[in-house]
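Colleague: This is the structure I want to talk about, given as structure tokens.
The values are calculated or read from the model by the stated rules, or taken from the named source; none is laboratory data. All of these numbers come straight from a predicted model, not from anything done at the bench. Cβ atoms come from the backbone with ideal geometry, glycine included; neighbour counts cover every protein chain shown. These area figures cover heavy atoms from the full protein model, side chains too; ligands, DNA and RNA do not enter into them. Shrake-Rupley method; radii C 1.70, N 1.55, O 1.52, S 1.80 Å.
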Amino acid sequence: MITFPCAKINLGLNIVKRRPDGYHNLETVFYPIPLCDALEVCPMDELFPAMHPCDLKVTGNAIDCDEQKNLVMKAYYLLAADHKLPRLHVHLHKQIPSQAGLGGGSSDCAAMITLINEHCKLGLTTEQMQAYATSLGADCPFFITGKPAYATGIGEVLTPIEGVAEQLQGRFIAVVKPPVAVSTKEAYAAITPRKPERCCRDIVSQPIKTWRDALVNDFEAPLFALHPQLSDIKESLYRLGAIYAQMSGSGSALFGIFNDKPESVSTLFPDCQTYIVRL
């Protein structure tokens, strides 16, 4: 069985409160984009000499890592604690860049939960799968359905949002991932939580041409100060003709939304990973 876990962008991101448990409450709109990894699972013969009941191979655009610590593996063992699962071969081909604020790892683990549920006929509901996903990461539940949602709490409280897809359908998005490493801990440490004057949920219901002056990612100001290249990329996307541009999540990827397919993106950002997809 094979599926294609998608990336997400954040349309606005406001850090509204520091919690007693050390996390932060936020407000954001998660929006799926057709930049995808590929995840395939197949049965492992009982005679296959694997060290672990789930054998993962990662290829493609992936940073070196211990595959047994990958979120895909954590999803397998999480379900295996409550359900009798067969031994599995798993192949994850990465295209979504890592450490980009695009949710690639979260999407992969959510896809693993849904694949196992289907492959093993566990009969889990969407809500049950989202509950499992929540224990693996704040944005993981979003990817169980991958539908546009307004997210609150630490990102796990999801409310379906209408109208955004109709606004973005047919437009193009350019994603630019520079060779900049952003520590999520560092990013949050630079934030002073505050309630925004306008909720991002309300802003995205307005025409896209109004977003530039109203839709804000709170991480941008402190991270742009630390990494001026990120600010330069955002301004370059606007000069290229973007209707709206923003850093996604805590970065370091930035995106621009265009009416027409932008040209020369890879030439303009030669040291970055670049992707152009139609929404």
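Colleague: Taking the Cα centre of the chain as origin, work out the dipole magnitude from +1 charges on Lys and Arg Cβ and -1 charges on Asp and Glu Cβ, in debye rounded to 20.
Modeller: 480
Colleague: So if I take the alpha carbon set of the range 150-279, get Rg, then get Rh from the Kirkwood formula, what is the Rg over Rh ratio?
Modeller: Checking Rg against Rh, the ratio lands at 0.95.
Colleague: Mind jotting down the three principal axis lengths of the range 124-171 based on Cα atoms? Whole angstrom, largest first.
Modeller: 34, 23, 15
Colleague: Moving to a separate point now. Report in % the part of the accessible area of the range 1-133 that belongs to carbon and sulfur, leaving out ligands and nucleic acids; probe 1.4 Å.
Modeller: Here carbon and sulfur together make up 54 percent of the probe-accessible area.
Colleague: I'd like to check one number: the per residue accessible area of the chain, probe 1.4 Å, reported in Å² as a whole number.
Modeller: Here the residues of the chain average 47 Å² of exposed surface.
Colleague: Moving on. If I take R0 = 35 Å and measure r between the Cβ atoms of D213 and T59 in this structure, what FRET efficiency does the formula 1/(1 + (r/R0)^6) give, to the nearest 0.05?
Modeller: Given R0 = 35 Å and the Cβ-Cβ separation, E is 0.25.
Colleague: I'd like the distance between the alpha-carbon centres of the range 240-279 and the range 65-109, rounded to an integer number of Å.
Modeller: After rounding, the separation between the Cα centres reads 27 Å.
Colleague: Let me ask another. Calculate the dipole size of the range 1-119 relative to its Cα centre from +1 charges on Lys and Arg beta carbons and -1 charges on Asp and Glu beta carbons; express the result in debye to the nearest 20.
Modeller: Dipole of the range 1-119, to the nearest 20 debye: 480 debye.
Colleague: Given K195/K261; K8/K84; K185/K234; K8/K57; K147/K177; K17/K234, which pairs have Cα atoms separated by over 30 Å?
Modeller: In this structure, K195/K261; K8/K84 lie more than 30 Å apart at Cα.
Colleague: If you take every residue apart from D55 with its C-beta less than 10 Å away from the C-beta of D55, what net charge results, scoring Lys and Arg +1 and Asp and Glu -1?
Modeller: So the environment of D55 carries a net charge of +1.
Colleague: Within the range 1-152, what percent of beta bridges assigned by DSSP are antiparallel, to the nearest 5?
Modeller: Once the DSSP bridges in the range 1-152 are tallied, antiparallel ones form about 75 percent.
Colleague: Would you mind checking the radius of gyration and Dmax of the range 64-162 based on alpha-carbon positions, in Å?
Modeller: 13.4, 40
Colleague: Less than 14 Å Cβ to Cβ from H83, Lys/Arg counted +1 and Asp/Glu -1: what total charge do the surrounding residues give?
Modeller: That sum, taken over residues with Cβ under 14 Å, equals +1.
Colleague: Taking the Cα centre of each part, how many Å lie between the range 130-179 and the range 201-226?
Modeller: Taking the Cα centre of each part, the range 130-179 and the range 201-226 sit 16 Å apart.
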